[in-house]
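The values are calculated or read from the model by the stated rules, or taken from the named source; none is laboratory data. All of these numbers come straight from a predicted model, not from anything done at the bench. Virtual Cβ from ideal backbone geometry, glycine too; neighbours counted across all protein chains shown. Accessible surface areas use protein heavy atoms only, side chains included; no ligands, DNA or RNA. Shrake-Rupley method; radii C 1.70, N 1.55, O 1.52, S 1.80 Å.
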Amino acid sequence: MAARYNPQEIEKKWQQRWAADRLYEVAEDDPRPKWYALTMFPYTSGDFHIGHWYAMAPADVHARFKRMQGYNVLHPMGFDSFGLPAENAAIGRGIHPFTWTMQNIDNMRRQLKSMGAIYDWSREVITCLPEYYKWTQWFFLKLYEAGLAYRGKAPVNWCPRCQTVLANEQVVGEGLCERCGAAVNRRDLEQWFLRITKYADELMEHDGIDWPERIKVMQRNWVGKSVGTEISFALDRPGVDEREIRVFTTRPDTAFGVTFMVLAPEHPLVAELTSVERRAEVEEYVARARRQTEIERLSTEREKDGVFTGAYVVNKLNGERVPIWIADYVLPSYGTGAVMAVPAHDDRDFAFAQKYNLPIRVVVAPPGWQGADLDQAYIEPGTMVNSGQFDGLPSGQGAEAISDFLEERGWGKRTVTYRLRDWLISRQRYWGAPIPMIYCAECGIVPVLEKDLPVLLPEDAEFKPTGESPLRYNEKFVNTTCPCCSAPAKRETDTMDTFMCSSWYFLRYVSPHCDVAAFDADKVRYWLPVDLYTGGAEHAVMHLLYARFFTKALRDMGLVRFDEPFKRLFNQGIIIVERQKMSKSKGNVITPDEYVSQLGADAVRSYLMFVGPWEQGGEWDDSGISGVSRWLNRVWNLLLGGYSESERVGLADREKAKRELARITHKTIRKVTDDLERIRFNTMVAALMEFSNYLARTMEAGAVDYAHWEESVDTLVLLLAPTAPHLAEELWQQTGHDYSIHNQQWPGWDEELARDEEITLVIQINGKLRDRIVVPASTTEVEAWQIAEESTRVKPYLEGKEVSKKIYVPGRLVNLVVR
Ligand SMILES: [Zn+2]
Ligand SMILES: [Zn+2]
């Protein structure tokens, strides 16, 4: 009797052997086609829980599958390690962020190694090390040279607890800090921006890439392109130089229906426009608005309010005076910071007009409208009314005609606006890559010379948040000389948003130790773009958009030759526990370590594959993983239990059993291959389980000869290799094959052999032939009755009759006796 399955022993043994043999290291001088399989690299926040494994283990299974299919597979791993969470955690524990981060990396690397993945550890990248962030800084300089990085003053989201600026994307819910949950407010600061808006149009296109539709939609909405017309309203106010206020509208057809205008409270003209008697109220409103976040201001739940400034503009189209209000639902950063209000044809304007008793004038008539007051805004197309010369036109045509009219007179122009803002990358925090810029009293803003990179993050800085960059107080860091004139100068003390680090890491893996360039261009040409990128959908509008922007910018600089970094994207779901998301506060966090030490990594991997469709995730259940572990034990016994042919089986049955075994084997290969290709991992594991159950019955019957048996169980082990790589390697060796199973060719199948055997089912009514139907040989009696009763040729004979008797001859005929 063979030794029992002992995963702890065999997993450690094979992991050591694979590492010693460098089995999974890859090179570019390889005749096989390349496959770049990338998993979003983890953030170094501490321990891995099972959710991280859920992102990584199935991705490894797929990469292993491609490897056996004959691809040269790059499946690298690294650590995203700068940024706020590490810094906050370090502060909370009173240790240096570097120490904290590197400890985490050691632990996470250990956990990842216990998973038995094919990561080529010689390519590991760690974004907080100078050998990496030197190149993050270099990319910043390239973006600056290309006019894609600039400094500007801007109102920013400010988290009072984290004491830092947050990107719009990091403000969640009703204006809360994504990191700490504190309410975010607003401040003006000099900041560095990346001009992502230059690529707004291209970022909305996803041509030639295979991405989930919902991610594409989220990105398009995030960019938020709107096509419309900018309209000039005349301003004539003593003491105000400005002669007009321009607004952007997607509905120029409603321009005659404007009954008030609304400015953002921050609009530069507000102070000048406000009349003396309105001043106190306006100033109070402006101060209140500045304390609110964009999210709060745009919240659809909140009732909109505003105040009248006492000033008016003139609608040039009809010469009417229109009152100017301010309201916080208009943002200074969107469009021109001013909007024309058409209450009859906009829900928000309608509510606002009702609240403040402002006129509501219909200019696009609903079908059959007789001039009655509206009880809600009419936003659909209609017929133009109350619009002078444009009356009677369908509103779609009216929009064009009014735009033409405005353009002819120079009162407006067709234009496009975007919701997307430039990417704010300055962080007033310690734990990030310093922005490589210098301020000289003579020369102004001067970039650090490339040869002087990296600008090292000093280890001895005070890193507690103060609202200003901690580096500001580090004299050794701040004081430098100007690269232009050699006069004393000061360094930029802000650090970069950590999303800068992750916008290019996929390029670094191809040549992680290159110290003369960010990447080896030839190797990038060989490996990129990434063939399959997997990770969480929560990165839809940040990382995934930023990485695309970076790629397009690098392409335009001539540094890479492709437009899109990730050809195919797949988002896995999440693992829940007791119907809830895992979280430390709920105390329901599952760590892989205890399961690996009890049941083995192969059981954890297999269970994660089996728990549900990968894109949906599933519920962790201890009895579920025990079941999977028992299955792996059964596979062990199947291979090593000793097969013996039974002498009691006759020749004909032996032949039949052989054919059946070949059919099931080839069918399983086809199913498993297809499921892996389409990332349907749970049904793939189910097919392997079914196959092993079938093999167990075959073993018991002993009806096939040993050679055929061996071929089928070998196939099982090969198909199992990506999912349970240690077990498969051990069984492969113990059944006398050459090391390593992971260098074997993925099994192919024969369509002819995989085909279900078919029979012709004869259907009789009262003994008379009524139909013949070709069905799979495996059709059961219940299925046969169903097929018979659904036959269109049979149905007329059953109409209004009662079946008194059913006769079934397996594999041949059904006969229905009716009265
Ligand atoms: Zn915060
Ligand atoms: Zn200078």
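If Lys and Arg each add +1 and Asp and Glu each add -1, what is the summed charge of the other residues whose beta carbon sits under 11 Å from the beta carbon of residue 704?
-3
Short version: ³J(HN,Hα) in whole Hz for each residue of the range 349-354, in order, from phi by Karplus 6.51 cos²θ - 1.76 cosθ + 1.60 (θ = phi - 60°), x for Gly and Pro, what are they?
5, 4, 4, 5, 5, 5
Kindly give Rg over Rh for the range 169-282, based on alpha-carbon atoms, with the Kirkwood expression for the hydrodynamic radius.
That ratio is 1.05, to two decimals.
Mind listing the phi-derived Karplus ³J(HN,Hα) values for the range 584-590, rounded to whole Hz, using 6.51, -1.76 and 1.60 with θ = phi - 60°, and x for any glycine or proline?
Values per residue, Gly and Pro as x: 4, 5, 7, x, 10, 7, 9 Hz.
Give a quick list of trypsin sites (Lys or Arg not before Pro) in the range 195-294 that DSSP marks as loop, anything other than H, G, I, E or B, with at most 15 other Cβ atoms within 10 Å.
The qualifying sites are 225, 243, 291.
When we measure straight from the Cα of residue 451, which aspartates and glutamates land under 17 angstrom away, once same-chain ones fewer than 8 places off are left out?
131, 145, 515
Suppose accessible area is computed on protein heavy atoms with a 1.4 Å probe; arrange 124, 400, 660, 729 from highest to lowest.
Result, largest first: 400, 660, 124, 729.
Quick check for you: which residues of the range 714-736 have the amide N under 20 Å from the point 7 Å beyond the Cα of residue 6 toward its beta carbon?
Under 20 Å, as judged by backbone N against the label point of residue 6, lie 725-736 of the range 714-736.
Nearest 10 degrees is fine. How inclined is helix 651-677 to the longest principal axis of the chain, computing both from alpha carbons?
Roughly 10 degrees, rounded to the nearest 10.
Which lysines does residue 581 reach when only Cα atoms under 29 Å apart count, and residues fewer than 8 places away in its own chain are ignored?
113, 216
Place a point 7 Å from Cα of residue 586 in the direction of its Cβ. Which residues in the range 594-626 have their backbone N less than 11 Å from it?
620
For 144, 285, give me the order by solvent-accessible area with a 1.4 Å probe, most accessible first, ignoring ligands, DNA and RNA.
144, 285
I need the fraction of alpha carbon pairs in the range 573-661 separated by more than 15 Å, rounded to a whole percent.
Counting pairs separated by more than 15 Å, the tail of P(r) holds 70 percent.
Within a Cβ distance under 13 Å of residue 524, other residues only, what is the Lys/Arg minus Asp/Glu net charge?
Once positives and negatives cancel, what remains is +3.
How far is it, in nm, from the label point at residue 321 to the one at residue 122 when both lie 7 Å from their Cα along the line to the Cβ?
Label-label distance for residue 321 and residue 122, simple model: 8.1 nm.
With label points built 7 Å along Cα→Cβ from the Cα atoms of residue 655 and residue 298, find their separation and express it in nm.
It is 7.4 nm.
Straight-line reach from residue 153: which aspartates and glutamates have Cα under 12 Å away, leaving out those fewer than 8 places along the same chain?
188, 190
Using a 1.4 Å probe on the protein heavy atoms, what percent of the accessible area of the chain belongs to carbon and sulfur?
Answer for the chain: carbon and sulfur cover 49 percent of the accessible area.
So for the chain, considering every pair of alpha-carbon atoms, how many percent are separated by more than 41 Å?
The share of Cα pairs beyond 41 Å in the chain comes to 52 percent.
I want to check the label-to-label distance for residue 802 and residue 696. Put each point 7 Å from Cα in the C-beta direction and report it in nm to one decimal.
4.7
What share of the DSSP beta bridges in the chain is antiparallel, in percent to the nearest 5?
Restricted to the chain, the bridges split so that about 75 percent are antiparallel.
If R0 is 22 Å, what FRET efficiency do you get for residue 47 and residue 16 from their C-beta distance, rounded to 0.05?
0.40
Once fully extended, how much extra length lies between residue 404 and residue 706, figured as 0.36 nm per residue of separation less the alpha-carbon to alpha-carbon distance?
100.2 nm
Once the piece of chain linking residue 150 and residue 442 is laid out straight, how much longer is it, given 0.36 nm per residue of separation minus the C-alpha distance between them?
103.2 nm
Hey, can you grab everything whose amide H is under 5 Å from the amide H of residue 761? Only 5+ residues off in sequence or another chain; H modelled, so Pro and N-termini drop out.
Result for residue 761 returns 773, 774, 775.
Counting Lys and Arg as +1 and Asp and Glu as -1, what is the net charge of the other residues whose Cβ lies under 14 Å from the Cβ of residue 674?
+2
Find the accessible area per residue for the chain; the probe is 1.4 Å, ligands and nucleic acids are left out, and the unit is Å².
On a per-residue basis, the chain sits at 44 Å².
Taking the 0 to 90 degree range and rounding to the nearest ten, how far is the long axis of helix 97-114 tilted relative to the main principal axis of the chain, both from C-alpha atoms?
20
Using amide H atoms built 1.01 Å from N in the peptide plane, name the residues 5+ places from residue 34, or on other chains, whose amide H lies under 5 Å from its own.
72
If I stretch the segment between residue 490 and residue 372 completely, what's the gain in nm (0.36 nm per residue apart, minus their alpha carbon distance), one decimal?
This chain segment gains 35.7 nm when fully extended.
Using a 1.4 Å probe and counting only protein heavy atoms, arrange 333, 623 so the residue with the most accessible area comes first.
The residues order as 623, 333, largest area first.
As an exercise, use a Förster radius of 35 Å and the Cβ-Cβ distance of residue 795 and residue 752 to find the FRET efficiency, rounded to the nearest 0.05.
It comes out at approximately 0.50.
Round to the nearest 10 and report in Å² the accessible area of residue 619, as given by a 1.4 Å probe over the protein chains' heavy atoms.
Taking all protein chains as shown, residue 619 has close to 70 Å².
How far, in degrees from 0 to 90, does helix 7-20 lean away from the longest principal axis of the Cα atoms of the chain, to the nearest 10?
Computed tilt is about 70 degrees.
Determine the calculated [θ] at 222 nm for the chain from helices alone, applying -39500 (n - 2.57) to every DSSP H run no shorter than 4 residues and normalising by the residue count; nearest 500 deg cm²/dmol.
-11000 deg cm²/dmol
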